[in-house]
Amino acid sequence: MGYEAVLFDNDGVLVEPIGRSVLRRATWEAFDALGVPDPDPDDVDRLAVGVTPDLLATVCEQYDLDPERFWRARDYHSSHAQRAALRDGRATLYDDFDAVRAIDAPRGIVSSNQQDTVEFMHDFFATRDLFETAYGRAPTVRSLDRKKPEPYYLRRALADLDVETALFVGDSESDVLAARAAGLDAAFVRRPHRESYDLSAEPTYELGGLTDLLDVEGVPTRGGA
């Protein structure tokens, strides 16, 4: 039996990841916008990537900042910084992206990036119409409890597509764990930035790129591509 749909993580799978320095600078700007012009660099790093609600609350308490207000500012600056990076050509679609077009099944995106950023990226690349549904995070603290490895957004995508069986394609352990939690098979794409990345959770498939996806049994392709 084939997959009824194929879902993708975004950054590092469809689109080249934005450099960490861009996200770090955006986090610094969020501190500055809220009256903290010289935060501890370690705190900036901690709130740039991989943030949890508990970590956010701990850091914000040190600066007497409201976590919700800070997180809205952080996501705002992060989204705008990523848009600027795309416009400047510092990130683009991977050169094997056309494999996505060859899939003859509903497609969707489930990302831990901001919803506005995901939508902007695919409007910018004129690829939004390829995906029947696309989820990123809302700019709220609550969204941090819902992002991968939680299956919340994957389940919403499945409901949107009205399917039960799907393959989720990602580039991180959180992607593999989210797929498992949602009862889906997981394909891990080992891009160059993941060359030495260790997984403790085993994916259903490990791929060298998106073109390999077309050879996975159960993935419907156009014209037998």
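The values are calculated or read from the model by the stated rules, or taken from the named source; none is laboratory data. Quantities reported herein were computed from a predicted structural model and do not represent experimental measurements. Cβ placement follows ideal geometry from the backbone for every residue including glycine, while neighbour counts extend to all protein chains displayed.
Here is a yes/no grid of residues against (1) closer than 15 Å to GLY136 by Cα; (2) of a type in the set (Val, Ile, Thr); (3) not assigned by TED's automatic domain parsing to the domain that holds ASP145:
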site	(1), (2), (3)
GLU68	no, no, yes
HIS77	no, no, yes
THR117	yes, yes, no
PHE120	yes, no, no
PHE124	no, no, no
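I want to confirm something. Restricting to region 25-57 and keeping residues that are surrounded by 14 or more Cβ atoms within 10 Å (Cβ to Cβ) and β-branched (Val, Ile, Thr), which single residue is nearest to LYS148 (Cα to Cα)?
Among those residues, the one meeting the criterion is VAL51.
Answer yes or no as to whether ASP160 is of a type outside the set (A, V, I, L, M, F, W, C), in a helix (DSSP H, G or I), assigned by TED's automatic domain parsing to the domain that holds ALA186 and out of contact with any helix residue (DSSP H, G or I) (no Cβ under 9 Å at 6 or more places or on another chain).
Judged against the criteria, ASP160 is a match.
When region 58-86 is examined, which residues are found to be over 20 Å from ASN113 (Cβ atoms) and surrounded by 18 or more Cβ atoms within 10 Å (Cβ to Cβ)?
VAL59, CYS60, LEU65
Quick one: how many residues across region 1-56 are of a type in the set (Gly, Ala, Ser) and either on the phi > 0 side of the Ramachandran plot or without any contact (Cβ under 8 Å) to a residue 12 or more places away in the chain (or both)?
4
Select, from ASP129, ASP96, ASP198, the only residue that is free of Cβ contacts under 8 Å to residues at least 12 places away in the same chain and in a loop (DSSP other than H, G, I, E, B).
After applying the criteria, what remains is ASP198.
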